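**Student:** Pasting a structure here, questions to come.
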Amino acid sequence: MRRLFLVPIVYAVAVLQTSLADAISVGHVTPDLLALSAVVWILVHPGRRGFLAAGAIGLAADLISPSHLGVGMASFLLVGYGVARLRTKLDLEHVVAQVLCVGAATTVLVTTQAIGSWLPGHTAVPLGTLLVRALGVGLYTAGVSVPLLLLIGWIREPFRARRRKLAAF
């Protein structure tokens, strides 16, 4: 059932990403809202196949980007798998840990996409500049994720309290 919510969420995020990119950019840095949605989806919906949802979001990112098809999806799958594995090893229920995870995952994601477009020569920007921009995108996306993660935490709190109460019996 929750997978059905993924399609309208990704569509809305893609529309926001394409329409608001110029309005929310700071220099050459804009938050990657699709990466944010992929990482938040994995953080909110734990499971072994959560990275497949990240791959689907990566396909949507590929469809709206001017680069070649497949680079974004592959990087979303790799980062999604890494976040899903990290979620099994670490407790990522606290907002600070989630924000750090979003920042690191987005930085890695944008870095892999930048290297994927730089290696075949599709961009004339030097690699060092692309890496600095990827770090900026990761930090900016982490900052944008704070209100979203707080809202999700507040919405999920009654369910967690009920689960703890039932576990006490």
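**Student:** If only one of ALA61, ALA114, ALA53 is buried (at least 20 other Cβ atoms within 10 Å of the Cβ) and more than 12 Å from the chain's Cα centre (by Cα), which one is it?
**Tutor:** Result: ALA114 is the single residue among ALA61, ALA114, ALA53 that is buried (at least 20 other Cβ atoms within 10 Å of the Cβ) and more than 12 Å from the chain's Cα centre (by Cα).
**Student:** Something else: Taking the conditions exactly as written (buried (at least 20 other Cβ atoms within 10 Å of the Cβ) and farther than 19 Å from ALA12 by Cα), does ALA105 satisfy them or not?
**Tutor:** Judged against the criteria, ALA105 is a match.
**Student:** Now for a separate question. Kindly check whether there is at least one residue in the range 64-80 that is among the hydroxyl-bearing types (Ser, Thr, Tyr) and surrounded by fewer than 18 Cβ atoms within 10 Å (Cβ to Cβ).
**Tutor:** Yes, some residue in the range 64-80 is among the hydroxyl-bearing types (Ser, Thr, Tyr) and surrounded by fewer than 18 Cβ atoms within 10 Å (Cβ to Cβ).
**Student:** What are the residues in the range 1-39 that are in contact with a Ser or Thr (Cβ under 7 Å, 6 or more places away or on another chain) and either closer than 14 Å to TYR140 by Cα or surrounded by fewer than 19 Cβ atoms within 10 Å (Cβ to Cβ) (or both), if any?
**Tutor:** ILE9, ALA21, ILE24, PRO31, ASP32, ALA35, LEU36
**Student:** Among the candidates GLY72, GLY47, single out the residue that is small (Gly, Ala, Ser), in a helix (DSSP H, G or I) and out of contact with any Lys or Arg (no Cβ under 9 Å at 6 or more places or on another chain).
**Tutor:** GLY72
**Student:** What pairs come out if I take residues in the range 11-31 that are in a helix (DSSP H, G or I) and pair them with residues that are of a type in the set (Ser, Thr, Tyr) whose C-beta lies under 7 Å away, six or more apart or interchain?
**Tutor:** Close Cβ pairs satisfying both conditions: VAL13/SER37.
**Student:** Only one of ALA104, ALA97 is in contact (Cβ under 8 Å) with a residue 24 or more places away in the chain, part of a helix (DSSP H, G or I) and out of contact with any helix residue (DSSP H, G or I) (no Cβ under 6 Å at 6 or more places or on another chain). Can you tell me which?
**Tutor:** ALA104
**Student:** Determine the pairs where a residue that is surrounded by 11 or more Cβ atoms within 10 Å (Cβ to Cβ), located within the range 153-165, has a partner that is at pLDDT 75 or above and part of a helix (DSSP H, G or I) with Cβ atoms under 8 Å apart, the partner being 6 or more residues away or on another chain.
**Tutor:** GLY153/VAL95; ARG156/VAL44
**Student:** Next question. State all residues of the range 33-50 that are of a type in the set (A, V, I, L, M, F, W, C), under 9 Å from the mean Cα position of the chain (by Cα) and within 23 Å of PHE159 (Cβ to Cβ); if no residue qualifies, say none.
**Tutor:** Of everything in the range 33-50, those that are of a type in the set (A, V, I, L, M, F, W, C), under 9 Å from the mean Cα position of the chain (by Cα) and within 23 Å of PHE159 (Cβ to Cβ) turn out to be LEU36, ALA38, VAL39, VAL40, TRP41, ILE42.
**Student:** Now for a different question. If we keep just the residues of the range 66-77 that are small (Gly, Ala, Ser) and in contact with a helix residue (DSSP H, G or I) (Cβ under 6 Å, 6 or more places away or on another chain), which is farthest from LEU36 (Cα to Cα)?
**Tutor:** SER67
**Student:** What pairs come up if the first residue lies in the range 47-64 and is under 13 Å from LEU36 (Cα atoms), the second is acidic (Asp, Glu), and their beta carbons are under 9 Å apart, counting only those six or more places apart or on different chains?
**Tutor:** Listed pairs, sorted by first residue: ALA61/ASP32.
The values are calculated or read from the model by the stated rules, or taken from the named source; none is laboratory data. Predicted model only: the values in this text are computed from it and were never measured. Glycine also receives a Cβ, built like all others from the backbone with ideal geometry; neighbour counts cover every protein chain displayed.
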